[in-house]
Amino acid sequence: MSANVDLNNRPEYDQVLQDIADYVLNYSIDSQEALDTARHCLMDTLGCGLLALRFPECTKHLGPIVEGTVVPFGARVPGTSYRLDPVKAAWDIGSIVRWLDYNDTWLAAEWGHPSDNLGGILAVADHLSQKRVADGEAPLTLGDVLRAMVMAHEIQGVIALENAFNRVGLDHVLLVKVASTAVCAKLMGANREQLLAALSHAFVDGQALRTYRHAPNAGSRKSWAAGDASSRGVRLADIAMRGEMGIPGVLSAPQWGFYDVLFSHTNKDLALKPEGQRQFSLTQKYASYVMENVLFKISFPAEFHAQTACEAAVILHPKVRNRLHEIDRILITTHESAIRIISKVGPLANAADRDHCLQYMAAVPLAFGTLVAEHYEDDFHAAHPIIDQLRSKMQIVEDPRYTREYLEADKRSIANAIQVFFKDGSSTEQVAVEYPIGHRRRRAEGIPLLEDKFKANLATRFSAQRSAHIFQLYKDPARLEATPVHRFVDLLVI
């Protein structure tokens with residue numbers, strides 16, 4: 001046989017896809033800790049979306065593609081009056097959730113925000129619940145939504161544990177698309193073949209580059225990229241439900257598969273050599289680990305690698321606020337991922353650039369004692385030159401222990417330390433914060449503050465009476481889980 005002839009024996013689906021499909025279809029979520037955390041996550045995620053509606057750069061993207069479109073049983077976008085097809089609704093919900101960089105986070109070899117998947121989950125569940133009731137069938141409940149969230153978190157987070165897509169230039173929203181595809185297909189009633197087909201299309205799709213997250217090209221696409229990915233997951237699930245065939249060897253096909261094309265060695269000269277090839281490293285089975293250990297952003301709308309730096313800066317604020325012009329240098333000790341992803345010098349072009357700059361996110365609370373979303377806006381930055389003056393005095397160094405414990409499964413710290421040195425030779429103490437307020441190790445301390453955050457976000461959009469009603473429902477787990485999805489969403493629209 002000629003060496004130039006392809007052997008056309010169709011393979012079985014790649015095992016990675018089979019494992020995801022079997023988990024979604026067969027695993028029973030019975031961890032009460034995971035379900036309780038999912039309940040907190042649902043409310044926090046929705047609150048982040050409501051807060052984002054205060055920003056015109058976000059709201060300009062929302063609504064139907066064709067103005068005036070009416071969609072039967074359309075999915076609703078919380079905080080708005082939009083009723084959209086599930087694909088566009090997933091885009092809108094996912095985008096408002098992510099806009100302010102304030103929803104939950106998962107940090108490992110890859111990072112990301114698993115609650116981004118709520119865009120697809122809530123849109124599909126709301127649409128299906130309305131349609132089921134109209135057809136005389138039982139609606140989906142919030143319990144179904146919470147379990148879908150646990151599974152989406154798990155798929156995205158377990159793949160991220162040892163697979164650094166960022167190292168080959170791919171954006172982590174790839175994992176949002178994969179997880180949304182899987183759980184949305186299940187909500188739609190997919191069988192195993194349909195679910196496998198949908199997942200194969202999620203990987204064969206073109207994948208987003210990280211260009212828009214890094215200097216000098218950081219921009220607002222990073223605020224809607226996850227909504228776009230979750231929305232695409234809904235679309236791919238729908239395509240598979242219509243009978244579209246899958247691509248079984250999407251990951252492993254020589255030369256044409258995901259591993260060879262997009263997950264090869266970072267040295268492109270080795271891309272087609274066996275020693276340069278890669279495949280996913282998956283060292284634990286899917287269960288509920290990720291939801292149980294997810295990180296909440298409680299105090300600051302800031303990229304998570306900087307959360308503990310912001311905490312340290314707030315602690316130091318009383319000791320430096322009256323001596324800002326006496327500062328000689330500021331030493332920030334951090335971990336390798338923070339240096340690689342968010343350490344920047346030079347001009348910052350826009351809000352999206354600033355909320356991914358470690359130096360900016362530390363300078364603001366040093367000077368002002370807090371950090372809120374408005375502090376990234378152009379007007380605030382222009383009015384306070386002290387921020388860039390402080391940035392220019394910052395030195396960023398790595399602590400190898402911080403880097404090591406960031407990746408250790410029993411720690412997963414996100415450590416930063418700050419010390420300020422003055423021109424007269426004096427200095428503050430070094431303030432180190434190794435575990436942020438949203439970490440599992442600080443859950444008991446963090447949940448009351450997370451609830452305060454949710455109540456404050458509700459108040460930006462709803463009356464005191466409706467806000468109280470929503471919050472009371474959140475506080476009653478059994479009643480919340482039993483609530484039909486469409487009735488729950490009724491409470492969130494205007």
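Quick look at the values:
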{"item": "Matching helices (runs of 4 or more DSSP H) fully within segment 281-378 where at least 2 residues are hydrophobic (A, V, I, L, M, F, W, C), within 21 Å of the chain's Cα centre (by Cα) and under 26 Å from GLN430 (Cβ atoms)", "result": "307-320, 336-342, 358-368"}
{"item": "Matching residues, segment 394-411, being under 17 Å from SER343 (Cα atoms), open to solvent by 40 Å² or more (accessible area, probe 1.4 Å) and in a helix (DSSP H, G or I)", "result": "PRO400"}
{"item": "Residues of segment 351-389 satisfying the condition of being farther than 21 Å from ALA218 by Cα and in contact with a helix residue (DSSP H, G or I) (Cβ under 9 Å, 6 or more places away or on another chain)", "result": "PRO365, LEU366, ALA367, PHE368, GLY369, THR370, HIS384, ILE386, GLN389"}
{"item": "Top-ranked residue in segment 69-101 [being of a type in the set (Lys, Arg) and crowded, with 22+ Cβ neighbours inside 10 Å; ranked as farthest from LEU170 (Cα to Cα)]", "result": "ARG76"}
{"item": "Members of segment 422-473 found to be open to solvent by 80 Å² or more (accessible area, probe 1.4 Å) and in the same structural domain as ILE327 (by the TED database), listed by number", "result": "LYS423, ASP424, GLU429, GLN430"}
{"item": "Subset of segment 102-138 [surrounded by fewer than 22 Cβ atoms within 10 Å (Cβ to Cβ), free of Cβ contacts under 8 Å to residues at least 60 places away in the same chain and in a helix (DSSP H, G or I)]", "result": "LYS131, ARG132"}
{"item": "GLU434 vs. criteria more than 27 Å from THR80 (Cα to Cα), modelled with pLDDT of 95 or more, charged (D, E, K, R) and within 22 Å of the chain's Cα centre (by Cα)", "result": "yes"}
{"item": "Test: residue in segment 184-205 that is assigned by the TED database to the domain that holds ALA109, among the β-branched types (Val, Ile, Thr), open to solvent by 10 Å² or more (accessible area, probe 1.4 Å) and at pLDDT below 95", "result": "no"}
{"item": "Residues of segment 149-168 that turn out to be open to solvent by less than 10 Å² (accessible area, probe 1.4 Å) and assigned to a helix (DSSP H, G or I), as a count", "result": "13"}
{"item": "Elements of type helices (runs of 4 or more DSSP H) contained in segment 432-487, each with 3 or more residues being without any contact (Cβ under 8 Å) to a residue 60 or more places away in the chain and not aromatic (Phe, Trp, Tyr)", "result": "443-459, 464-474"}
{"item": "Hits in segment 47-60 - residues which are out of contact with any Leu (no Cβ under 7 Å at 6 or more places or on another chain) and either within 23 Å of PHE471 (Cβ to Cβ) or open to solvent by 60 Å² or more (accessible area, probe 1.4 Å) (or both)", "result": "GLY49, LEU53, ARG54, PRO56, GLU57, LYS60"}
{"item": "The one condition in (1) assigned by the TED database to the domain that holds VAL345; (2) surrounded by fewer than 19 Cβ atoms within 10 Å (Cβ to Cβ); (3) basic (Lys, Arg) that ARG391 fails to fulfil", "result": "(2)"}
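Okay, residues lined up against (1) in contact (Cβ under 8 Å) with a residue 60 or more places away in the chain; (2) within 20 Å of the chain's Cα centre (by Cα); (3) assigned by the TED database to the domain that holds ASP92; (4) crowded, with 24+ Cβ neighbours inside 10 Å:
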residue: PRO216; (1), (2), (3), (4): yes, no, yes, no
residue: GLY219; (1), (2), (3), (4): yes, yes, yes, no
residue: ASP238; (1), (2), (3), (4): yes, no, yes, no
residue: MET241; (1), (2), (3), (4): no, no, yes, no
residue: GLY249; (1), (2), (3), (4): yes, no, yes, no
residue: PRO254; (1), (2), (3), (4): no, no, yes, no
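The values are calculated or read from the model by the stated rules, or taken from the named source; none is laboratory data. Fair warning: this is a prediction, and the values are worked out from it, not measured in the lab. Every residue, glycine among them, receives a Cβ derived from its backbone with ideal geometry; neighbour counts consider all protein chains shown. Accessible surface is based on the protein model in full, side chains and every heavy atom, while ligands, DNA and RNA are left aside. Shrake-Rupley method; radii C 1.70, N 1.55, O 1.52, S 1.80 Å.
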